[in-house]
Amino acid sequence: MNMIHLLPPEIAQKIAAGEVIERPVSVIKELVENSLDAAASAVRVDLAGGGKALVRVIDNGRGMGREDALLCFERHSTSKISTEEDLWRISSLGFRGEALASISAVSRLVLRTSDGKEGKGTQVEREGERVLKVSDIAFPQGTTVEVRDLFFNLPARQKFLRSDRSELGLAVRYLTFVALAYPEVGFSLFQGTREILNCPAVAGAQERIFQLYGRAVLERLSECQHEEQGYEVRGFASRPPSGRQDRAHQFFFVNRRPVKDRILQAALNQAFRGSLEKDQFPEAFLFLRVPFTEVDVNVHPAKAEVRFKESQLVFHLILRCLDKALLQGKGFRAVYPDEPEERPEKWVRDAAGPHAFSPPRQGKEERPDLFPAPAADSGPHPQVLGQYLDTYIVATGDEGLLVIDQHNAHERVLFDKFKEIDSRRSWPRKMPLVPPLLDLSPPETLALEDSQAELEEAGFRIQPMGGRSYALVEYPDILKEEEAQEIFLAVLAEMKEAGTIDRREKLLATLACKTAIKAHQPLSWEKMDYLVRELFRTSRPSLCPHGRPILVKVDRSAIEKGMKRPTV
Ligand code: ADP
Ligand code: MG
């Protein structure tokens with residue numbers, strides 16, 4: 001008996017569909033791309049269950065007549081290419097002609113569409129491979145596709161879907177990307193009746209960034225533009241020294257497609273090397289126009305990868321564009337403008353290079369509450385010798401020397417302390433007289449709504465002020481006024497990524513990380529002594545809450561071996 005046999009067509013279809021359609025956001029992506037290809041000027045997306053129960057995309061594009069409405073579900077049915085040459089000149093978003101075939105194979109789908117001719121439209125109802133019903137309906141020009149119960153007939157796939165919240169997060173992210181790439185199109189996103197994103201059509205990227213992120217983000221950016229050999233890049237990037245705490249605002253588009261690309265990323269990093277404050281990342285919204293023959297944007301149907309023929313050229317294009325913007329004056333300020341009194345001393349020590357070891361010194365305590373006097377009975381503990389490179393505390397341990405990372409150590413100490421405060425649910429709070437105002441982006445608003453309870457328990461109370469604006473009316477007492485806003489945003493960013501179980505830990509870890517002293521900061525002897533004592537009282541002195549090592553031991557035996565001294 002032979003062992004190889006052909007799969008029945010329904011099964012082959014489903015397998016193929018699964019390759020294009022992985023999760024709700026892939027459905028959204030395919031449908032929105034079709035709307036854009038149909039020249040829609042407004043696209044609305046409705047979701048239920050993060051898209052697992054329902055994805056509905058409504059557009060006012062060119063629509064389809066009855067014949068096309070039936071044909072569009074056939075595999076390799078497309079209006080976008082007809083000859084092989086077309087393949088190489090393609091500028092539309094979709095052209096494989098398999099999106100609708102795939103989506104309909106794994107869902108319950110209703111298509112309503114009209115091309116505006118004959119004053120009527122067509123409705124097609126399908127369930128998996130079967131057409132249930134085709135009818136004439138009254139319908140304005142445009143197309144609505146409703147996709148319910150994704151993977152209802154592929155339970156194995158269903159298992160790979162994430163929580164509603166997490167699928168919704170992917171949808172918001174995707175729509176933010178397209179909204180940035182197509183400012184002339186209006187986009188809105190609803191989950192049930194809750195409006196998550198709403199960006200009416202505007203003239204350009206600048207207005208779109210404003211709609212999505214508000215004034216504060218826009219004010220940190222400067223415009224850039226550069227053209228070379230038929231390539232062009234334009235957009236907005238950070239104006240040093242202020243950047244952002246994370247990489248959430250780094251967007252690249254190639255011929256209006258959002259892409260993730262190593263070369264583009266590397267060029268961005270290089271352009272900003274050394275010009276941002278510590279622990280800050282550049283923000284960038286960069287739009288590249290590359291000749292269609294020079295780039296393959298369809299390396300993978302579902303992933304945002306590109307392949308450039310001339311990657312060196314692209315790298316230099318971005319670099320030059322950003323360099324130009326950085327040089328255009330405005331951007332050039334000292335890197336650490338707020339620490340004048342520290343500087344001369346610091347320079348002397350830096351000049352000392354590898355010998356930058358400083359004995360303990362006295363210093364003002366700018367955050368006394370985070371460095372209280374240690375408990376009197378803290379028992380035997382390592383003795384501080386001094387600070388190395390303003391970053392490590394050197395101390396004597398039982399069996400040799402300890403080199404302790406001051407930031408990680410403080411983070412561990414604070415984390416344990418915060419956990420303790422948190423377990424009593426009694427965060428002391430501060431209510432600023434004039435609450436700082438923040439503009440939140442759609443993903444941030446979502447994160448805020450989802451984690452409001454946790455944030456409030458940790459001392460952050462936020463009040464909506466209309467539109468994107470929120471006021472930070474209360475924050476944990478341990479935060480300094482000038483950092484409260486930034487730390488709140490950092491916590492929010494963490495919450496956006498966090499799952500449901502680890503949220504609280506993440507919140508505390510972020511608070512600890514952001515309030516802990518940084519590297520390259522001279523410390524007084526009291527602080528170092530406090531840190532070392534407290535560190536050895538914590539639950540895990542050797543690992544910081546993010547899992548990074550806190551200390552390196554230089555064993556006495558290694559020292560003695562180096563000295564060729566017989567070990568005792
Ligand atoms: P592709 O986009 O690769 O051509 P699809 O399966 O996504 O393949 O769509 C098949 C065809 O259906 C498209 O080429 C287009 O002609 C038509 N179509 C799909 N969605 C829309 C829409 N929203 N408005 C108008 N026509 C559409
Ligand atoms: Mg398509």
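Among the residues that make up the stretch 187-198, is at least one of them surrounded by fewer than 22 Cβ atoms within 10 Å (Cβ to Cβ) and part of a helix (DSSP H, G or I)?
no
Restricting attention to the stretch 31-62, which residues are in a helix (DSSP H, G or I), more than 11 Å from V145 (Cα to Cα) and within 15 Å of ligand 1 (Cβ to nearest atom)? Let's see the steps before the verdict.
Within the stretch 31-62, the subset in a helix (DSSP H, G or I) is 31-37, 49-51.
Those still in the list that are more than 11 Å from V145 (Cα to Cα) too: 33, 36-37, 49-51.
Matches in the stretch 31-62: E33, L36, D37.
List the number of the failed condition for F285; all other conditions in (1) crowded, with 22+ Cβ neighbours inside 10 Å; (2) over 15 Å from A181 (Cα atoms) hold.
(2)
Quick one: in the stretch 28-62, of everything that is of a type in the set (K, R) and within 15 Å of ligand 2 (Cβ to nearest atom), which residue is surrounded by the fewest Cβ atoms within 10 Å (Cβ to Cβ)? Write out each step before concluding.
Applying the first criterion (of a type in the set (K, R)) to the stretch 28-62 yields 29, 44, 52, 56, 62.
In the following step, the residues that additionally are within 15 Å of ligand 2 (Cβ to nearest atom) were identified as 29, 62.
Numbers: K29: 24, R62: 18.
The residue in question is R62.
For the stretch 129-149, what are the residues that are in contact with a helix residue (DSSP H, G or I) (Cβ under 9 Å, 6 or more places away or on another chain) and within 16 Å of ligand 1 (Cβ to nearest atom)?
Of everything in the stretch 129-149, those that are in contact with a helix residue (DSSP H, G or I) (Cβ under 9 Å, 6 or more places away or on another chain) and within 16 Å of ligand 1 (Cβ to nearest atom) turn out to be E129, V131, V134, Q141, G142, T143, V145, V147.
Determine whether A490 is open to solvent by 60 Å² or more (accessible area, probe 1.4 Å) and either on the phi < 0 side of the Ramachandran plot or among the β-branched types (V, I, T) (or both).
Against the criterion (open to solvent by 60 Å² or more (accessible area, probe 1.4 Å) and either on the phi < 0 side of the Ramachandran plot or among the β-branched types (V, I, T) (or both)), A490 does not qualify.
Starting from the stretch 99-111, keep only residues that are open to solvent by 10 Å² or more (accessible area, probe 1.4 Å), then list their pairs with residues that are away from ligand 2 (no atom under 12 Å from the Cβ) and modelled with pLDDT of 95 or more whose Cβ atoms are within a distance under 6 Å, requiring at least 6 positions of separation or different chains.
What qualifies is R108/E127; R108/R148; R108/D149; V110/E125; V110/E146.
Looking at (1) in a loop (DSSP other than H, G, I, E, B); (2) open to solvent by 40 Å² or more (accessible area, probe 1.4 Å), can you tell me which one N153 breaks?
Evaluating N153 over (1) in a loop (DSSP other than H, G, I, E, B); (2) open to solvent by 40 Å² or more (accessible area, probe 1.4 Å) leaves (2) as the failure.
Can you tell me which condition S82 does not meet? The list is (1) more than 23 Å from K120 (Cβ to Cβ); (2) within 12 Å of ligand 1 (Cβ to nearest atom); (3) modelled with pLDDT of 75 or more; (4) open to solvent by 70 Å² or more (accessible area, probe 1.4 Å), and all the others hold.
Of everything listed in (1) more than 23 Å from K120 (Cβ to Cβ); (2) within 12 Å of ligand 1 (Cβ to nearest atom); (3) modelled with pLDDT of 75 or more; (4) open to solvent by 70 Å² or more (accessible area, probe 1.4 Å), S82 misses just condition (3).
The values are calculated or read from the model by the stated rules, or taken from the named source; none is laboratory data. Just so you know, these numbers come straight off a predicted model, no measurement behind them. Positions of Cβ are generated from backbone atoms using ideal geometry, with glycine treated the same way; all protein chains shown enter the neighbour counts. Note: areas computed on protein heavy atoms with side chains; ligands, DNA, RNA excluded. Shrake-Rupley method; radii C 1.70, N 1.55, O 1.52, S 1.80 Å.
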